[in-house]
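Trainee: Got a structure here, written out as structure tokens. Questions coming.
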Amino acid sequence: MQPLIQVEYLVKRYSSRGVLGSGEVVSALNEVSFSVAPGKTLALVGASGSGKSTLALCLACLERSTSGRIWFEGRDIAALDEKQLRAVRPQIQLVFQDPASSLNPRFTALEIVTEPLLVQRKWGTREMHERALALLERIGLSRGMASRRTGEFSGGQRQRLAIARALSLAPKLLILDEALSSLDCSVQAQIANLLLELQSSFVLTYLFITHDLAMAAHLGDEIAVMNRGRIVEQGVPEKVLGAPSHEATRGLVAATPGSIVTPRMPGGL
Amino acid sequence: MRFLSRRLIHAVLVLFGVSILTFLFTSLAPGDYFDEMRLNPQIAPETVVALRAQYQLDRPLPVRYARWLNSVVHGDLGYSFSYNSPVGPLLWVRARNTLFLTVTATLLSWGLALPLGVWSAERLGGLPDSLISWMMAGLMAVPDLALALGLLLFAARSGWFPTGGLASLGFESLSPINELRDLTLHMFLPVAVLVLTALPLLVRHVRAAMAGVLHAPFLRAAQGHGIPRRRLLYRYALPAAANPLISLFGFSIGALLSGSLLVEVVMSWPGIGPLLVEAILSRDLYVVVGGVLLSTLFLVVGNFVADVFLYWADPRIRAGPVAK
Ligand SMILES: Nc1ncnc2c1ncn2[C@@H]1O[C@H](COP(=O)(O)OP(=O)(O)OP(=O)(O)O)[C@@H](O)[C@H]1O
Ligand SMILES: [Mg+2]
């Protein structure tokens, strides 16, 4: 099966200009290659600073990669200019690691979710509002909250709002950068199940970035492990977490108490 | 609404204070309008004394202020000695001309500063940005007066623009289109001076405010939803950067107004400026007080408009203290 997204030798370097112009180059991504098939989930784990968020930003075309290719539905989106990208953007959505700052503080929850729809010009105002409200409800925000501004929500509610916004465009690829980490366990499980449900009904493809190995094993069809800007190991959860081959993976597994790998049941926990 | 009513009370207090201060300062200056008459041998000293009594210049200051305030409340701004007519209508015609100049200059300078500043901020450090920055720095370095005189010289040499006044002779006989053309030509020079002196500061502030929000994560997120660049700039970034700019708007009205008073004198535009200068020189007390008060009123109204803007532009202020 042809992959939905295929990344080849992706490199991202940040040059930080120090004092007196002594330029220091940080290699955040170092020849990263992987692919994800449509309707599947790749869980991405790795130590802090290993380049996970950078990869997410590059895939969403919010950072320009230094070199390499990103094939999305047969097109190299890393080579597109801003105008061509506009048609692609709605299909790749990113839920930011810090949802609070990614929401416009002047907008109400309803505006946040309808704004991306507005630009698509596919729906009338009533239909847009209906869609947005239904989505908010599905993600666990009541209709009464829809007219509140983002500053009046709790951290977890903002996280849900960010997820709802990303889903509103019905993307093909959804990148979730530690999108569940500020939620409590029961809500985490609830949203994880919602994600699985949506995946089976809309053939969604996920790149799920997390520090939580159990969640990675639960949601991921495969797990990829990042270390210092490289993907050092990739495979099914049982193999990667049960018999890790790379030292970085062993470190992550050792740091997690209890047994991680629980066989994934169709239909949730 | 509490926000606005508080601002309104504030405005009235400012007007009140300014009226007291102008009254005080004009009275502290030695002499009055009738002092010159005393030197005139054809006018008997008794006449001067009688005149002063008639205009109540011989009464103590607090009494004069109280009487003046009372008549102002009743819509009478006092009497001009040198024009020998009530101050109200005199000021009104002049004020209209000044307002005309100031409002046009305000709209024009903001209409230019916003796109220039946004454009600059979008290409921070690039060639267009540096070009604009240098041009603005250059403009800022030229004193207002030099700019006005330079433009006047240019107009006189080229003959493209009339160098003074508000309308040509025989203005009334022109067709409406030609009237408009005549007015535009007459306004061009004073408005150009005002806009050019106001622009550098405005562009700098717009640029700085926009540069501060252009890297906000929520803008990047919005970009990720495929929202077009123009909409990002004007619907997301500009409102986020607007609050300091709206306050600057109130301030810019003040700056343009005081600039306008100066430019009017230099370019003989029949506004409040030349009237005030004349009145101050001849110690025409009520014209001075009325003129200063009217200018203050413009300022206060300008700032109030800015406050209304602020209220209207920021949903978080509108929502009141709930949205902390
Ligand atoms: N804008 C930037 N400029 C310079 N360096 C950056 C920038 N963004 C990230 N980096 C560097 O790139 C590397 C990878 O950062 P990244 O945010 O991708 O890590 P991460 O895996 O998401 O970490 P975490 O789990 O803590 O979120 C880090 O060394 C970081 O310092
Ligand atoms: Mg990260």
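Only the coordinates and a few stated rules stand behind these numbers; no lab work does. These numbers come from a predicted model, not from an experiment. With ideal geometry, Cβ positions are generated from the backbone for all residues, glycine too; neighbour counts draw on all protein chains shown.
Trainee: To the nearest 20 debye, what charge dipole does region A:1-121 have about its Cα centre, counting +1 at the Cβ of each Lys and Arg and -1 at the Cβ of each Asp and Glu?
Mentor: Value, rounded to 20: 100 debye.
Trainee: If you don't mind, there's one more thing I want to ask. If you take all C-alpha pairs in chain A, what percent of them are over 22 Å apart?
Mentor: In whole percent, the long-distance tail amounts to 58.
Trainee: With an 8 Å cut-off on Cα pairs and a minimum separation of 6 or more residues, tell me the relative contact order of chain A in percent.
Mentor: Relative contact order here is 25 percent.
Trainee: Mind pulling the angle between the C-alpha long axis of helix B:238-266 and the longest principal axis of chain B? Nearest 10 degrees, somewhere in 0 to 90.
Mentor: Result, in degrees: 30.
Trainee: Quick one: grab Rg to one decimal and Dmax as a whole number for chain B, Cα atoms only, in Å.
Mentor: When restricted to the Cα atoms of chain B, Rg and Dmax are 24.3, 86 Å.
Trainee: If you build the convex hull over the alpha carbons only and average its shadow over all orientations, what do you get for the protein assembly as shown? Give it in nm² to one decimal.
Mentor: Answer in nm², one decimal: 38.9.
Trainee: Moving on. Need one value for A:113-119: mean number of C-beta atoms belonging to other chains within 10 Å of its residues' C-beta atoms.
Mentor: 3
Trainee: Further, regarding this structure: Shape call for region B:2-119 from the C-alpha gyration tensor, a ≥ b ≥ c root eigenvalues: rounded (a/c under 1.5), prolate (a/b greater than b/c) or oblate?
Mentor: It is prolate, given that a/c is not under 1.5 and a/b is the larger ratio.
Trainee: Another question, then. Can you give me the Cα centroid spacing of region B:260-310 and region B:53-106 in angstrom?
Mentor: The distance from the Cα centre of region B:260-310 to that of region B:53-106 comes to 12 Å.
Trainee: Residue by residue through A:135-147, how many Cβ atoms from other chains fall within 10 Å of the Cβ on average?
Mentor: The mean count of partner-chain Cβ atoms within 10 Å per residue comes to 0.
Trainee: Which value in deg cm²/dmol, rounded to the nearest 500, describes the helix-derived mean residue ellipticity at 222 nm for the protein assembly as shown, given -39,500 (n - 2.57) per DSSP H run of n ≥ 4 and division by the residue count?
Mentor: Computed ellipticity for the protein assembly as shown at 222 nm equals -18500 deg cm²/dmol.
Trainee: Rank these for me by crowding, B:179, A:178, going from fewest to most other beta carbons within 10 Å.
Mentor: Ascending Cβ contact count within 10 Å gives the list B:179, A:178.
Trainee: Here is a follow-up. Working from Cα positions, state the angle (0 to 90°, nearest 10) between the long axis of helix B:285-313 and the longest principal axis of chain B.
Mentor: 20 degrees
Trainee: Using +1 at the Cβ of each Lys and Arg and -1 at the Cβ of each Asp and Glu in chain A, identify which of A:202, A:182, A:84 lies farthest towards the dipole's positive end.
Mentor: Towards the positive end, the residue furthest out is A:84.
Trainee: Further, regarding this structure: Determine which aspartates and glutamates satisfy two conditions relative to residue A:52: a Cα distance under 17 Å, and not lying fewer than 8 residues away in the same chain.
Mentor: Excluding near neighbours in sequence, the set is A:8, A:31, A:63, A:98, A:177, A:178, A:212, A:222, A:233.
Trainee: Please compare each pair in A:122/A:172; A:40/A:239; A:40/A:83; A:12/A:172 to a cut-off of 21 Å on the Cα-Cα distance and tell me which ones are over it.
Mentor: Cα-Cα > 21 Å for A:40/A:83; A:12/A:172; rest within.
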